[in-house]
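The values are calculated or read from the model by the stated rules, or taken from the named source; none is laboratory data. Just so you know, these numbers come straight off a predicted model, no measurement behind them. No Cβ is skipped: glycine too gets one built from the backbone with ideal geometry, and neighbour counts run over all protein chains shown. We work out accessible area using only protein heavy atoms, side chains counted, and drop any ligands, DNA or RNA first. Shrake-Rupley method; radii C 1.70, N 1.55, O 1.52, S 1.80 Å.
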Amino acid sequence: MAKKRWPRGQHNSLTAAREAVRGHLPAGLGYLVAVSGGADSLALAATLGWALDEGLIDGPVGAVIVDHGLQLGSAEAAAEAAAACRELGLDPVIVERVEVEGHGEAAARTARYESLEAARERVGADFLLTAHTADDQAEQVLLGLARGSGTRSLAGIPARRARVLRPFLELRRSDTEAVCRAHGLSFWVDPTNASPEFLRNRVRHELLPALREVLGEGIDDALVRTARLAAQDAELLDRLAEELVEDAARASEPTVLGEAGDRVAGRAPLVWDLDRLLIRDAPAALRSRALRQAAVAVGGRAPSAERTAALERLVAGVGSAGPVQLDGRVSVTRERLGDGRAVVRFRGLA
């Protein structure tokens, strides 16, 4: 595609989008961008096409469009998005049609990310790219506040998680719409984005406008800044909690079922003993994180606030010695070993 077909980068939104891609996507890697047909993802696809043509990205860049089939016209929107991505020079361009098991936002999100990850692995891309924006981040921080989940929740949407990168987290939704207009791209407006049935939509269309009216237009930027600062704090606390788990496990000589090579290969042990006194005497912010990390380490899921509180009581020696049952078939008990050491035993059940 000839470079002269790309709009000039003097527009503020175009410049911001291009700098975001330039600053967040290393050269020499392959990318697959998730495209819905909406303004955000089409703007990211267009910016990637420009970066390819400029030689800023030398790895392959493809696109994947997931059609849940939940709205009338979604198939046509997916086909139009695929055509736009091909015109922008992305290759391969894949349309995935998925069936959502269950109802609500969570079920659709799970189905979408499973399909996206499967597509990434199938084409051999290093990273999947999504076009979450600062507006999404502001909404996520408010949802985190409502859950009362602490620093990690206030950190909002991470710029990177596993094989997913989000280069547009500093851009506003108005920027992505401006990028689409500059490229002459028509974008689809998902009708469910206006439905009050979904909590995020009510945050977007009711709560945030009310906050802007009371607190001023800068509230969105303040929420995004809160997420950035909270993410920095959460990363440090998570690292310190990992060190605490390592110290507590080393002190208690953790029991591992299976060959010693299992740990070297990175497979989680089914039984893990942590020195109870080391965990008990740690600062509360590290203790709760360490307990959640241990639950995940034996194959479970990060426990809820209520289950974490139950683990805290177990560690403190309050009440029964367990078991505390956690999601993911994990059982946790308070034990006294033969040599007299007090441990908290995390057991992942087969």
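Some notes on this structure:
- Any hit, the stretch 190-203, residues being of a type in the set (Ser, Thr, Tyr), modelled with pLDDT under 95, more than 19 Å from the chain's Cα centre (by Cα) and over 26 Å from ALA83 (Cα atoms): yes
- Among the residues of the stretch 20-40, the ones that are among the hydroxyl-bearing types (Ser, Thr, Tyr) and open to solvent by less than 10 Å² (accessible area, probe 1.4 Å) come to 1 in all.
- The stretch 107-117, residues that are of a type outside the set (Phe, Trp, Tyr) and open to solvent by less than 50 Å² (accessible area, probe 1.4 Å): ALA107, ALA108, ALA111, SER115, LEU116
- Of the residues examined, LEU154 is not one that is within 22 Å of VAL61 (Cβ to Cβ), in contact (Cβ under 8 Å) with a residue 60 or more places away in the chain, in contact with a helix residue (DSSP H, G or I) (Cβ under 6 Å, 6 or more places away or on another chain) and of a type in the set (A, V, I, L, M).
- Counting only helices (runs of 4 or more DSSP H) that fall entirely inside the stretch 266-350 and contain at least 1 residues that are free of Cβ contacts under 8 Å to residues at least 60 places away in the same chain and more than 24 Å from SER149 (Cβ to Cβ), the qualifying elements are 276-280.
- Any hit, the stretch 231-239, residues being touching an Asp or Glu at 6+ places or on another chain (Cβ under 8 Å) and either in a helix (DSSP H, G or I) or at pLDDT 90 or above (or both): no
- Taking the numbered list (1) modelled with pLDDT of 90 or more; (2) within 19 Å of ALA248 (Cα to Cα); (3) among the basic types (Lys, Arg) in turn, ARG341 passes all entries but (1).
- Taken over the stretch 50-78, the residue count meeting the criterion of being modelled with pLDDT of 90 or more, within 17 Å of ALA39 (Cα to Cα) and either surrounded by fewer than 20 Cβ atoms within 10 Å (Cβ to Cβ) or not small (Gly, Ala, Ser) (or both) is 3.
A quick yes/no check of all residues on (1) open to solvent by 40 Å² or more (accessible area, probe 1.4 Å); (2) within 27 Å of the chain's Cα centre (by Cα); (3) within 19 Å of ARG239 (Cα to Cα):
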| position | (1), (2), (3) |
| --- | --- |
| ARG280 | yes, no, yes |
| GLN293 | yes, yes, yes |
| GLY300 | no, yes, no |
| ALA305 | yes, yes, no |
| ALA310 | no, yes, no |
| VAL318 | yes, no, no |
| ARG336 | yes, no, no |
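- Considering the stretch 6-19, and only residues there that are of a type outside the set (S, T, N, Q) and modelled with pLDDT of 90 or more, the residue that is most open to solvent (accessible area, probe 1.4 Å) turns out to be GLU19.
- Of the set (1) in contact with a Phe, Trp or Tyr (Cβ under 9 Å, 6 or more places away or on another chain); (2) modelled with pLDDT of 90 or more; (3) aliphatic (A, V, I, L, M), all apply to ALA310 but (1).
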